[in-house]
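Right, one structure below, let's go through it.
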Amino acid sequence: MRYRNVARGEPQRRKVISRWGSYHGGTVASAALGGGRDVHDAFALPMDDFLFVSQPNWPVGAEPGESESQFVDRLIAELERTIETAGPDTIAGFVAEPISFSCGFFPPPAGYFDRVREVLDRHGILFLDDEGDLRLWPHRLPLRRRADGPEARHHDVGQGHDQRLLPGLGHHHRRRALRLAGARAASSAAPSPMPRPLRGIRSEQRWRWRCCVLSSRTSCWSRCEPRIPTLHRHLQVLADHPLVSNVRTFGLAGGVTLTAAKIKGSEGMPATGGVAMMGAVGKILGRVMLDHGLIVRVTGDNAVIAPPLIIQDTEIEELFRRFHAALDDTAAELART
């Protein structure tokens with residue numbers, strides 16, 4: 001992205017806007033891009049070129065009495081202020097996950113991404129879509145627009161399984177950056193930023209591409225898609241549990257918001273930047289699930305269930321049997337304290 005901007009004559013466009021609580025990787029740059037303050041501080045990461053806005057976690061990130069449309073208005077106003085404060089001509093891109101697993105798996109409110117795109121397009125800022133998780137396909141959120149031509153403003157950056165979205169490195173990366181910049185990939189152009197010793201990385205890219213081809217040939221999605229109704233049915237049943245205040249589903253994944261309010265009549269911890277702070281329910285449930293031989297991601301007071309693509313209906317049944325038992329034991333422990 002920066003290489004592209006230098007080729008376009010805009011080297012000052014270096015900064016990237018991300019969202020608090022997001023996850024984008026574990027390198028120095030991608031960890032800085034992630035929205036975890038504890039990681040930033042623990043590794044003394046260079047943060048000058050990274051800016052952050054709130055997660056669109058509806059409804060837990062909303063202020064009291066705030067409607068869905070008002071919630072979106074507030075987040076868009078925050079994005080506008082962030083861009084204006086930094087200087088629009090210094091912002092290179094805005095990176096976002098379609099749904100953030102690390103923040104509790106809350107599908108964004110209606111109109112959020114359309115409004116974000118309007119702001120970014122107005123300021124000439126790239127939209128970086130991270131990532132194309134196959135659990136969400138083909139139910140993928142309507143983020144994508146045509147991205148062809150030198151003025152394309154949308155790019156996909158994939159992780160894990162869906163490496164089809166990840167641009168190649170080395171010579172191809174240079175040619176692509178120059179093409180996006182509207183420049184000719186002539187021999188007199190700047191040298192590739194990827195040195196020859198990094199050929200191993202390109203080999204890894206080819207290996208990941210091969211995995212995608214194989215998964216496509218074996219109809220990976222068609223095999224897991226029939227599991228979606230079973231997963232959604234079990235998640236929706238949890239809505240009546242005394243520890244559950246909200247359930248959401250999307251593709252082969254879902255999230256459950258935990259609360260002690262029904263048991264103790266108390267409110268949960270407040271949200272910061274649209275990300276629920278870790279509370280008593282999440283801590284206890286994470287420990288109790290291990291006693292039941294179950295590992296489910298707990299982030300804040302949210303449990304995110306995102307099973308492997310090869311899971312079967314019988315395994316889903318067993319997963320939720322253990323999860324429900326862990327919820328019951330957590331409720332009993334909270335009632336005693």
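Among the residues of the range 87-120, which ones are part of a helix (DSSP H, G or I) and among the hydroxyl-bearing types (S, T, Y)?
Those that are part of a helix (DSSP H, G or I) and among the hydroxyl-bearing types (S, T, Y): T90, S102, Y112.
Can you name every residue in the range 287-337 that is under 27 Å from the mean Cα position of the chain (by Cα) and among the β-branched types (V, I, T)?
Hits for the range 287-337 are V288, I295, V296, V298, T299, V304, I305, I310, I311, I316.
The rows are residues; the columns are (1) outside the structural domain of G93 (by TED's automatic domain parsing); (2) surrounded by 14 or more Cβ atoms within 10 Å (Cβ to Cβ); (3) polar (S, T, N, Q).
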{"site": "Q12", "(1), (2), (3)": "no, no, yes"}
{"site": "V16", "(1), (2), (3)": "no, yes, no"}
{"site": "Y23", "(1), (2), (3)": "no, yes, no"}
{"site": "G26", "(1), (2), (3)": "no, no, no"}
{"site": "G35", "(1), (2), (3)": "no, yes, no"}
{"site": "D49", "(1), (2), (3)": "no, yes, no"}
{"site": "V53", "(1), (2), (3)": "no, yes, no"}
{"site": "S69", "(1), (2), (3)": "no, no, yes"}
{"site": "V72", "(1), (2), (3)": "no, yes, no"}
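Return yes or no: is L79 farther than 26 Å from G254 by Cβ, of a type in the set (A, V, I, L, M, F, W, C) and surrounded by 15 or more Cβ atoms within 10 Å (Cβ to Cβ)?
yes
Name the single residue that is farthest from F101 (Cα to Cα) among those in the range 1-33 being small (G, A, S) and without any contact (Cβ under 8 Å) to a residue 24 or more places away in the chain.
Among residues in the range 1-33 that are small (G, A, S) and without any contact (Cβ under 8 Å) to a residue 24 or more places away in the chain, the one farthest from F101 (Cα to Cα) is G9.
Looking at the range 87-94, is at least one residue free of Cβ contacts under 8 Å to residues at least 40 places away in the same chain and β-branched (V, I, T)?
No: zero hits.
How many residues does the range 20-33 contain that are under 20 Å from L120 (Cα atoms) and in a helix (DSSP H, G or I)?
The number of residues fulfilling the criteria is 1.
Would you be able to say whether some residue in the range 88-107 is among the β-branched types (V, I, T) and at pLDDT 95 or above?
yes
Taking the residues in the range 34-74 that are in contact (Cβ under 8 Å) with a residue 40 or more places away in the chain and part of a helix (DSSP H, G or I) as candidates, determine which candidate is nearest to S100 (Cα to Cα).
Among residues in the range 34-74 that are in contact (Cβ under 8 Å) with a residue 40 or more places away in the chain and part of a helix (DSSP H, G or I), the one nearest to S100 (Cα to Cα) is V72.
The values are calculated or read from the model by the stated rules, or taken from the named source; none is laboratory data. Treat the numbers as computed from the prediction; the structure is a model and nothing was measured. FYI the Cβ positions are ideal-geometry reconstructions off the backbone, even for glycines, and counts take in every protein chain you see.
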